[in-house]
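Read the structure below first, then the notes.
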Amino acid sequence: MARRPVWWRETLVLATAFLLCLSGGIFHPDNTLGWPPMATYVVAGISCAALAVRHRAPVAVVAVTTACGMLVAPCGLLLTPLIVVPVAIAAYALALHTELRVAIAVLLPAVALLVAVTPLLDGLSWQDGSRLLSVAVLPLIAGALGNATQNRRAYLAAMEERALRAEESRESEARRSVAEERVRIARELHDVVAHQITLANAQAVVAAHVFDSQPEQTRSNLNNIIETTRNALDDLRATVGLLRQAGDANTSAEPSPGLSQLPRLLESFDRAGLRVTTDNEGTPAPLPPGVDLTAYRVIQEALTNVGKHAGTSHARIRLSWSRDRLSITVADDGPDSRAANGPSFTGSDRPSGYGLIGMRERATAVGGQLFTENSPAGGFIVSAHLPLTPANTTGDTENGGPP
């Protein structure tokens, strides 16, 4: 995009060009000095008036200034570099606003026409030759400077655009990282809070149901609620600690949960009234941290969903170990008689949230897969296949984050 010249700068250029062109008229052909003839004023005036539109029509301006320069010798004036200053300014504008090949195609004939007029009128001495050489070189030098300025402006514009794109790319990457971190933290909070709150809710339902008839069981359920909520607060505090900066206060350095803590998890469900049986097939093998956390969270969320939606007091877990993967199956048989005759480990009739989405995202993040289906017996089955080797992802797989 061409720059719009400032009016005072344009006025200064035109005035300077007029004075320089006019001063060239003080040199007379008889090697004397004197006042510029009237023809000099005419040539300078027409040439400088044409320069006013050199940015919009550079080729036409070069043609007009060249024609004025060709009239210098026939009008009895001496062709000097000062008189062709308007031609040089027009050549600079031409090279600045057009391609190099266009500038060359216009300037070379213009220079040839300027120097070709004088030899036809009179013989040339060595002084005339040097003067004409200066007249020919001046527009070419101005054209070279114009082309260099055009290249420099193009380079600066390209650098500015590149910097702008890099800044936009950094902002986009930052927004993407923030979005991924928000999803990871939201998933972690969901897994922790939903599990513990579901347990506390189930225990509170049982306590309310037997409050009058079985006070001892009510007291036991209340103690379990206290323990469950205390664990929920501890887990929530550890999860929020992930948001702290390096300079913040020291937080708990407990490792991420894994299958080693599965008995504790099943015990918490048992206290809430959900009996879970576990079946192992194959030889257990060490799991990468991300896969270990994912396996734990999948089982936790699947059992939480059983308690919230299945209306049953029993669930089954099967862990199948093979050479290169771990298969996890969590199943229930649907509502049982306990759900029909009394309080059961169930939440409410609220719609389901993001549990299945979170489990599927976790499994995909570590290079695994997760499937869900209805059981022929009327229940629900969650199956996850997780690799025994770390997945080659760029995300925070150690914490179960998205790739």
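A few remarks follow.
- Listed peptides 48-56, 368-376 appear in the order 48-56, 368-376 once ranked by packing, highest mean of other Cβ atoms within 10 Å at the front.
- The listed residues 226, 185, once ranked by accessible area (1.4 Å probe) with the largest placed first, stand as 226, 185.
- Peptides 292-305, 266-279, 210-223, 83-96 ordered by average Cβ neighbours within 10 Å, highest first: 83-96, 292-305, 266-279, 210-223
- The stretch between residue 223 and residue 38 holds 55.2 nm of extra length on full extension. This uses 0.36 nm per residue minus the Cα-Cα distance.
- With θ taken as phi - 60° and the Karplus curve 6.51 cos²θ - 1.76 cosθ + 1.60 applied, the whole-hertz 3J(HN,Hα) list for the stretch 168-173 is 5, 5, 5, 5, 5, 5 Hz, x standing for glycine and proline.
- Along the stretch 144-155 the Karplus relation, 6.51 cos²θ - 1.76 cosθ + 1.60 evaluated at θ = phi - 60°, assigns HN-Hα couplings of 5, 5, x, 5, 5, 5, 4, 5, 5, 5, 5, 5 Hz to successive residues, with x for each Gly and Pro.
- Distance between the stretch 92-107 and the stretch 284-328 - C-alpha centres, whole angstrom: 74
- 3J(HN,Hα) along the stretch 38-50: 4, 4, 5, 5, 5, 4, 5, x, 5, 5, 6, 5, 5 Hz, from the Karplus curve 6.51 cos²θ - 1.76 cosθ + 1.60 with θ = phi - 60°, whole Hz, x for Gly and Pro.
- 5 angstrom amide H check on residue 379, placed H, neighbours 5+ away: 334
- For the stretch 78-119, convex hull volume per residue from C-alpha positions, Å³: 52
The values are calculated or read from the model by the stated rules, or taken from the named source; none is laboratory data. Source: prediction; values computed, not measured. Counting neighbours? That spans all protein chains shown, and the Cβs are built from the backbone with ideal geometry, glycine included. To get the accessible areas, we keep the full protein, side chains included, count just its heavy atoms, and leave off ligands, DNA and RNA. Shrake-Rupley method; radii C 1.70, N 1.55, O 1.52, S 1.80 Å.
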